[in-house]
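Visitor: This is the structure I have questions about; it appears just below.
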């Protein structure tokens, strides 16, 4: 079989297979072009999931006749003036989007510059190119994409339903709107219109923009993030650990204004939240990374969704430290949706109360002080009550209700502490809260004094393979700090002399292989550190206040003060909330007072 050149139309369709995966891919490429053109407002219209029509209209600087003719040629771009692929400062730069789209759809471009007497239009009909012609239109560019994949029924049948494709388009626009809050965007999907208004210069403007994109709950539960290290800056908003999502769809990441879905960055975010979250929940963040374009390669993925950093360790460390600092500065916070959940629970059908004969002694309407010691009006006796301590001795100092977690009032079911604040009440799960406090104390002690080691009676030789053995041997110093002493032992093997004493009797081979896998994936020995953290969490659980123990008032208040002093105390070691806050307004709504 002889070698031959493929027809240009077929070459363009093959290229389109990489660039134009689905209608959302078309939207992404065209909106990025509008942003690069200096647009202040972009309108996106899609019909039937983008298969029948996609229209992108912007008020950018437009194109003249020469640029209009060239823009539909392959590898023609205005975004690499010095041909340096390592200094990309625009979103689109490959010059493949428009010719690829024109090869699988009917593409019409209408454009006008500020000084042109009229607009120009050009059509590419499934690879057949027309000539520029005069047209009517304002300054800027409008791109119409009709009958996508109409000439490729095999490609079209692999698309999802119109509803699913429309959702993918909305997700694409949502990420672009988060990346560029300085640009107005309007999305019209059939009969649905979404507006992303331009954010002001203040941080609150960006927060309002993200409230539209990620929801008001996110905006209320998020704290600002700002960090700078060696020319790399990190900014944005990160939700508190008490606000989580089922997946990573609420993690919006941008690098130099480019929306990305980078596995390294997602891993860094997860590492930053660490044991603050349940294992089946994901944090919600909107983060922007800015650095010299020479330090990042954006040309490693056909859809430009992933990037490669020159120094990935620097960026990963910045993300982890920046997020941890922001969460620590926020201090312990109640469950972000606690009030809403409580309201739902209180509005549920009331329980069936047992029928009892009426008597003055048990009536909630009894005169004040009537059978006060038994607290008959509650229907139950709390495990511990502050009034017992007040009755025993007069206290002249005011109650600490001005503190974040207020003053303890009672203990319910030997498990929960009720605390009164200036503006409402707090419900604390005493075991979960104390478990977190003990766990953090164990981790601090481990960091301060190092990990105790135990020498193996007979050093163990472990076969790993050449690459894994080299990785483990190269991390010898880092592993020794975690209590694992290893050294190279010939090709493809390592010798283990000491292991962390806290692990006791353990499967050394399995542990070292886990470490090798972690080094291959992330370049760090986090697997062993996670294992030690899990052990510390188990010890903390068994050494914490157990449910069923009655606390004295001073013990309850001491626990509240300790929670206030521990930034991570909003969740337990397993990511569950340790306390829920209800404001006075929440209470008034529960009782229809407002």
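Here, each number is a calculation from the coordinates, and none is a lab measurement. Predicted, not measured: the structure shown is a model, and the values here were computed from it. Here the Cβ is made from the backbone with ideal geometry for all residues, glycine too, and neighbour counts use every protein chain on show.
Visitor: Based only on the alpha carbon positions, what is the Kirkwood hydrodynamic radius of region 176-237, in angstrom?
Guide: 12.8 Å
Visitor: Separate question: Provide 449, 233 in ascending order of the number of other Cβ atoms located within 10 Å of each residue's Cβ, fewest first.
Guide: Taking fewest neighbouring Cβ atoms as first place, the list is 449, 233.
Visitor: Another question, if that's okay. With just the Cα atoms of region 199-330, tell me how far they stretch along each of the three principal axes, in Å, largest first.
Guide: 37, 36, 29
Visitor: Same structure again: Ordered by packing density, taken as the mean number of other Cβ atoms within 10 Å over each peptide's residues, highest first, how do 286-296, 173-183 rank?
Guide: 173-183, 286-296
Visitor: At a 10 Å Cβ-Cβ cut-off, how would you order 113, 242, 164, 578, fewest neighbours first?
Guide: Going from least to most buried by this count: 164, 113, 242, 578.
Visitor: Of the beta bridges DSSP finds with both residues in region 199-330, what % are antiparallel, to the nearest 5?
Guide: For region 199-330, the DSSP antiparallel bridge percentage is about 80.
Visitor: Okay, next question. Can you put 430, 556, 511 in order of Cβ neighbours within 10 angstrom, beginning with the fewest?
Guide: Taking fewest neighbouring Cβ atoms as first place, the list is 511, 556, 430.
Visitor: Between region 417-455 and region 178-224, what is the separation of their alpha carbon centroids in Å?
Guide: The distance from the Cα centre of region 417-455 to that of region 178-224 comes to 36 Å.
Visitor: What is the Cα centroid distance between region 18-55 and region 265-330, reported in whole angstrom?
Guide: 27 Å
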